[in-house]
1. So Ala51 fits all but one of (1) open to solvent by less than 10 Å² (accessible area, probe 1.4 Å); (2) not in a helix (DSSP H, G or I); what number is the exception?
2. Evaluate the following for Gly117: is it more than 15 Å from Thr194 (Cα to Cα) and either loosely packed, with under 15 Cβ neighbours inside 10 Å or polar (S, T, N, Q) (or both)?
3. Evaluate region 154-162: report whether one residue or more is under 12 Å from the mean Cα position of the chain (by Cα), under 26 Å from Val10 (Cα atoms), at pLDDT below 85 and buried (at least 23 other Cβ atoms within 10 Å of the Cβ).
4. Among the residues of region 1-27, which ones are open to solvent by less than 10 Å² (accessible area, probe 1.4 Å) and part of a loop (DSSP other than H, G, I, E, B)?
5. Would you check if Gly197 is open to solvent by 20 Å² or more (accessible area, probe 1.4 Å) and not β-branched (Val, Ile, Thr)?
6. Taking the criterion of being part of a loop (DSSP other than H, G, I, E, B), hydroxyl-bearing (Ser, Thr, Tyr) and buried (at least 16 other Cβ atoms within 10 Å of the Cβ), would at least one residue in region 56-75 satisfy it?
7. Within region 182-218, work out how many residues are closer than 30 Å to Ala127 by Cβ, at pLDDT 90 or above and of a type outside the set (S, T, N, Q).
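The values are calculated or read from the model by the stated rules, or taken from the named source; none is laboratory data. None of the values given here were measured: they were computed from a predicted structure. With ideal geometry, Cβ positions are generated from the backbone for all residues, glycine too; neighbour counts draw on all protein chains shown. Heavy atoms of the whole protein, side chains included, go into the accessibility calculation; ligands, DNA and RNA do not. Shrake-Rupley method; radii C 1.70, N 1.55, O 1.52, S 1.80 Å.
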Amino acid sequence: MPDISLPMIVALCAAALAAGWIDAVVGGGGLLMIPVLLLGLPNTSSAAQYALGTNKAMAIVGTTGAAVTYTRKTPVDVRLAVRIGLAAVAGSTAGAFVAAGMSTDVLKPVIMVVLLGVGAFVIFKPAFGTAPATTPVSARRVLAAIGLAGLGVGFYDGLIGPGTGTFLVLALTALLHLDLVTASATAKIVNCCTNAGALAIFAWQGTVYWQLGALLAAFNLAGGMVGARTALKKGSGFVRVVLLVVVFTLVANLAYQQWLA
């Protein structure tokens, strides 16, 4: 357990609770949790690695709780979600290798433009993700989901990272014609796979504060289960609003990292 003051532990627990709720509804909880962890952990040369590793130890518990809550209440193709998740693990591994040899700063403006386009699309297409398709999804779309939502978003996760859950929800909604609630549920199962793969790497590297991670996981689990119930109760219209907030927050975060940090 790192040397952290009691007020900071309370702040970290509150952030873990809120991040779990955000992650369960539409993804993007790491946008809140990673900066708070960086602020709270001891300021060492490996603080960033420990923040990422401890976040994964926490997030895998909250994500699993949200996934279980969703699957009990809404129909989810678990087998397809796991297939996408395994592809995402492979993609994130490749992305991490590429990230080790290049600067991701050149990609951040491109990601910001894409996100702004996505935000505009969701605003001007209010029917997006409000209802599932009435016809079966073709095999071509399933393969596209495995390739884009799995390998593609997974690669982004390993290369840059922030907002991966949000990209998953958007990709699954567009490719599989899911409503936003079902897309969020499916994304949680995919996230379980990607979190497990990333956590294994961080554990192997020894960059996880396990005791702190266990404490934060309890709060993240509570937030994730409440968030899943909120999304199920409020429906796709509510998820759409949260999605827009997260998308534009992600743009602001990337812009800050690119030009102000």
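1. Tallying (1) open to solvent by less than 10 Å² (accessible area, probe 1.4 Å); (2) not in a helix (DSSP H, G or I), Ala51 fails exactly one: (2).
2. Against the criterion (more than 15 Å from Thr194 (Cα to Cα) and either loosely packed, with under 15 Cβ neighbours inside 10 Å or polar (S, T, N, Q) (or both)), Gly117 qualifies.
3. no
4. Listed by number, the residues that qualify are Val26, Gly27.
5. Judged against the criteria, Gly197 is a match.
6. First, the residues of region 56-75 that are part of a loop (DSSP other than H, G, I, E, B): 74-75.
Pick out the ones that are also hydroxyl-bearing (Ser, Thr, Tyr) and you get 74.
Imposing the further condition that a residue be buried (at least 16 other Cβ atoms within 10 Å of the Cβ) reduces the set to 74.
Checked against the condition, which is being part of a loop (DSSP other than H, G, I, E, B), hydroxyl-bearing (Ser, Thr, Tyr) and buried (at least 16 other Cβ atoms within 10 Å of the Cβ), region 56-75 yields at least one hit.
7. 6
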